[in-house]
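Beneath this line is the structure, given in structure tokens, with notes to follow.
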Protein chains: 2
Amino acid sequence: MAPQPVTGSSVALAIDLGGTQLRAALVDASGSILCKLSRPTLADAGPAKLVEQIAALAGAVIGESRSRPPRAAGISSPGPIDTIAGVALGIPTLRGFHDFPLRTALAEALALPVVLENDGIAAAIGEWRFGAGRGFADLVYVTVSTGIGGGVIAGNRVLRGRRGMAAHVGHMSFMAGGEHCFCGNRGCFEAYASGSAFAARAAREAAVHPSTRLGRGGAPVSAPEVFAAAAAGDDLAARLVAEEARLLGLGFASLLHLYDPQLIIVGGGLSQQFHVLEAGIAAAMRGAAMPAFRDTPVVKAALGVDSGLLGAAALAFGNY
Amino acid sequence: MAPQPVTGSSVALAIDLGGTQLRAALVDASGSILCKLSRPTLADAGPAKLVEQIAALAGAVIGESRSRPPRAAGISSPGPIDTIAGVALGIPTLRGFHDFPLRTALAEALALPVVLENDGIAAAIGEWRFGAGRGFADLVYVTVSTGIGGGVIAGNRVLRGRRGMAAHVGHMSFMAGGEHCFCGNRGCFEAYASGSAFAARAAREAAVHPSTRLGRGGAPVSAPEVFAAAAAGDDLAARLVAEEARLLGLGFASLLHLYDPQLIIVGGGLSQQFHVLEAGIAAAMRGAAMPAFRDTPVVKAALGVDSGLLGAAALAFGNY
């Protein structure tokens with residue numbers, strides 16, 4: 001028999017399962033984090049070991065907080081996960097997660113009811129309930145990090161689709177037949193505008209622009225280094241940052257036409273530089289959007305790295 | 001005071017306002033068309049004259065059917081229309097429709113409650129309620145004609161967004177910075193895969209392939225002619241048809257990732273050749289989609305030119 005919610009409990013267990021970091025927290029109904037722990041994800045250990053790791057971290061956070069037992073657990077996981085069936089269909093960043101019944105395995109290990117969510121959608125729910133999207137009925141959340149993910153709220157409901165895998169916005173076509181994408185396809189938005197694509201473009205350009213300080217001595221080029229070099233007056237870096245903003249804005253214009261949101265919220269690693277990218281994103285987006293869509297604002301996520309964790313908490317509370 | 005629904009009436013007035021044809025019908029609650037009339041749209045006459053034309057055609061269809069008065073009117077209109085406010089924001093194919101209060105004007109002229117819908121969404125509702133999408137909770141409808149439009153049903157609800165303008169799928173980016181699109185942007189899906197783009201590509205190719213029968217003697221090339229030539233064994237025409245199927249399939253793969261539907265329904269002029277395009281669409285779509293999405297079927301719309309008209313009827317019945 002599936003575990004039942006712990007009645008009367010006012011805290012939720014929130015798990016953010018990432019490809020590199022595993023994070024667990026106890027969260028109250030207002031979105032306050034009472035206690036939080038993190039560990040490097042055992043991404044190569046296989047599903048059984050990883051479920052054990054999650055249960056151990058959950059036990060540690062519950063023990064440390066000395067709170068009442070959580071009512072349920074919400075899990076943000078890399079996709080694609082069939083969240084209707086509770087089955088991981090094949091998570092590229094976690095070894096062995098092919099057709100794995102993740103919800104059942106976690107419910108057993110945690111002895112709690114479990115709500116599973118694809119990470120982009122979980123983060124969208126976090127921002128919608130507790131962050132930059134509070135009070136909005138229609139929003140698109142986009143995370144720009146190693147890859148590009150997202151989640152959509154439409155008419156005050158989470159847009160899930162057939163198996164809860166909607167809003168894979170990083171894998172809309174951007175340049176059909178173009179750059180290879182991690183997903184196997186070519187020309188995805190992610191292959192052009194993600195943090196990885198940005199860093200790879202910077203490395204390629206640095207190699208043919210001897211005047212830049214980027215990649216001196218053959219050093220690899222990271223996204224933060226490009227932003228730092230641009231801030232320090234490096235011409236090539238400034239052009240690369242402007243191009244990144246333009247590419248993001250062009251992709252966001254598509255999202256306006258596809259979902260007609262009240263706002264677009266940008267999270268993920270690159271959103272730390274949102275103040276630098278903002279004007280370029282807005283200009284490119286307005287330039288590419290049809291007139292009726294041009295007044296839609298783009299804002300920075302309010303919850304930083306906790307969007308997904310707080311979305312997982314909202315899911316555990318049934319607040320979505 | 002706004003008109004109230006005619007209680008006890010079991011018929012709805014459905015209007016399909018197109019850029020070239022204006023169609024009006026009386027429809028019962030099961031989606032049967034009792035009477036239908038059409039006229040060339042007075043697209044250049046301005047809003048006042050066009051509203052008069054709509055009212056006159058509605059009067060004619062009501063008079064001809066000798067049915068009881070309709071309970072309400074549903075209108076499918078070219079977008080973008082803010083269907084929440086009932087205001088046409090700027091319809092490119094109809095002169096003078098900029099910030100025009102279309103719902104109020106029609107409600108006065110028809111003396112009926114009026115439900116307005118962007119045409120792609122109206123057609124999606126028609127197929128969902130009475131056509132190929134019956135019984136599905138999550139579907140994407142795409143119309144491929146002069147342009148490309150669409151509508152999305154998600155979780156048994158119409159995806160509308162902030163102002164009812166979601167699912168402008170023809171204006172998602174397909175080849176950023178590429179071909180000019182009718183909307184003013186570059187590289188939209190519509191600029192590559194619409195019937196107009198298909199015919200334009202055929203004309204360009206015919207000009208440099210003397211062996212083809214297409215465009216002989218400098219004649220303009222239409223989409224139906226390309227299909228006819230392909231069926232008659234013309235090599236270039238066959239390649240053009242295969243390329244059109246491939247482009248549609250690539251765009252549809254994006255729609256899978258964006259909306260995670262149970263199926264994609266194809267309507268519009270080019271869907272008359274769906275049997276010719278189907279295999280190529282499916283192959284390209286499967287090739288570009290992430291594995292978890294590849295089993296999603298693509299089917300032909302069941303209602304032909306009446307998808308929008310029957311969607312308008314469903315709206316008038318509140319059946320959505």
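As a test of the definition: with a 1.4 Å probe, what buried accessible area, both sides summed, do you compute for B against A, in Å² to the nearest 100?
Values: alone 13890 and 13870 Å², together 24230 Å².
Between B and A, the summed buried area is about 3500 Å².
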Per-residue ellipticity at 222 nm attributable to helices in chain B (runs of n ≥ 4 DSSP H, -39500 (n - 2.57) apiece, nearest 500 deg cm²/dmol) works out to -11500 deg cm²/dmol
Using the Kirkwood formula on alpha carbons, the hydrodynamic radius of the range B:7-149 in angstrom works out to 15.5
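In terms of the Cα gyration tensor, with a ≥ b ≥ c the square roots of its eigenvalues, is the range A:91-198 rounded because a/c is under 1.5, prolate because a/b exceeds b/c, or oblate?
Here the range A:91-198 falls in the oblate category.
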Of the residues B:A107, B:T83, B:G31, the Cα lying farthest along the dipole of the range B:25-168 towards its positive end, which is defined by charges on the beta carbon of Lys, Arg, Asp and Glu, belongs to B:G31
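In a shell of Cβ-Cβ distance under 14 Å around A:R201, excluding A:R201 itself, what net charge do Lys and Arg (+1) and Asp and Glu (-1) give? If you can, show how the numbers build up before the last one.
Numbers: positive: A:R204, A:R239, A:R246; negative: A:E179, A:E190, A:E205, A:E225, A:E243, A:E244.
Charge balance near A:R201 sits at -3.
Below 11 angstrom from the Cβ of B:E127, what's the summed charge of the other residues (Lys, Arg +1; Asp, Glu -1)?
On the way: positive: B:R129, B:R134, B:K300; negative: B:D306.
Net of charged neighbours comes to +2.
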Per the 1/(1 + (r/R0)^6) rule, R0 = 41 Å and r from the Cβ atoms of B:D44 and A:T104, FRET efficiency to 0.05 is 0.05
Within the range A:29-66, the residues whose backbone N lies under 17 Å from a label point placed 7 Å from the Cα of A:Q21 along the Cα-to-Cβ direction are A:33-43, A:54, A:57-58, A:61
Note on the range A:165-192: residues buried by at least 10 Å² of accessible area once partner chains are added (vs chain on its own, 1.4 Å probe) come out as A:M165, A:A166, A:H168, A:H171, A:M172, A:S173, A:F174, A:M175, A:A176, A:C183, A:N185
Of the accessible area of chain B, computed with a 1.4 Å probe and all protein chains kept, carbon and sulfur make up a percent value of 54
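With a ≥ b ≥ c the root eigenvalues of the C-alpha gyration tensor of the range B:258-320, is it rounded (a/c under 1.5), prolate (a/b larger than b/c) or oblate?
Values: a/c = 4.03, a/b = 1.59, b/c = 2.54.
Note, shape of the range B:258-320 comes out oblate.
Do any trypsin sites (Lys or Arg not before Pro) in the range A:102-161 lie in a loop, going by DSSP, with at most 10 other beta-carbon atoms within 10 Å of their beta carbon, and if so which? Display every interim value, and only then the final one.
Details: sites: A:R103, A:R129, A:R134, A:R157, A:R160; in loops: A:R134, A:R160.
Nothing satisfies the criteria.
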homo-copy label distances at A:G218 (7 angstrom along Cα-Cβ), nm, one dp, ascending, are 6.3
Largest fluctuation, A:V276, A:V266, A:V140 only, Gaussian network model of chain A with Cα springs under 10 angstrom, belongs to A:V276
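Roughly what % antiparallel, to the nearest 5, for the DSSP beta bridges in the range A:37-144? Don't jump to the answer; show the numbers that get you there.
On the way: 3 of 8 bridges.
Antiparallel bridges make up about 40 percent of those DSSP assigns within the range A:37-144.
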Residues from the range A:246-279 losing no less than 50 square angstrom of accessible surface in the full protein assembly compared with the chain alone, 1.4 angstrom probe, ligands and nucleic acids excluded, are A:H257, A:L258, A:Y259, A:D260
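What's the magnitude of the charge dipole for the protein assembly as shown around its Cα centre, counting Lys and Arg as +1 and Asp and Glu as -1 at the beta-carbon? Answer in Debye, nearest 20. Don't skip to the end; give the middle numbers.
Values: 50 positive and 48 negative charges, 106 e Å.
It comes to approximately 500 debye.
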Taking the label point 7 Å from Cα along the Cα-Cβ vector, the copy-to-copy distances for B:R204, listed from shortest in nm with one decimal, are 2.3
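If you roll a 1.4 Å probe over the heavy atoms of the protein chains, what accessible area per residue do you get for the protein assembly as shown, in Å²? Kindly include the intermediate steps, with their values, before the conclusion.
Values: 24230 Å² over 640 residues.
For the protein assembly as shown, the solvent-accessible area averages 38 Å² per residue.
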Looking only at lysines whose Cα falls under 29 Å of B:K36's and that sit 8 or more positions away or on another chain, we get B:K49, B:K300
Taking a label point 7 Å from the Cα of A:R216 along Cα-to-Cβ, the residues of the range A:226-270 whose backbone nitrogen sits under 20 Å from it are A:226-241
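Quote the relative contact order of the range B:1-137 in percent (integer), defining contacts as alpha-carbon pairs under 8 Å separated by 6+ residues. List each step's numbers first, then the result.
Values: 268 pairs, mean separation 34.9, N = 137.
Answer for the range B:1-137 is 25 percent.
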Residues other than A:D28 with Cβ under 12 Å of its Cβ, Lys/Arg counted +1 and Asp/Glu -1, net out at +2
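The values are calculated or read from the model by the stated rules, or taken from the named source; none is laboratory data. Quick caveat, the model's predicted, so the values are computed rather than measured. Positions of Cβ are generated from backbone atoms using ideal geometry, with glycine treated the same way; all protein chains shown enter the neighbour counts. These accessible areas exclude ligands, DNA and RNA; they are computed on the full protein's heavy atoms, side chains included. Shrake-Rupley method; radii C 1.70, N 1.55, O 1.52, S 1.80 Å.
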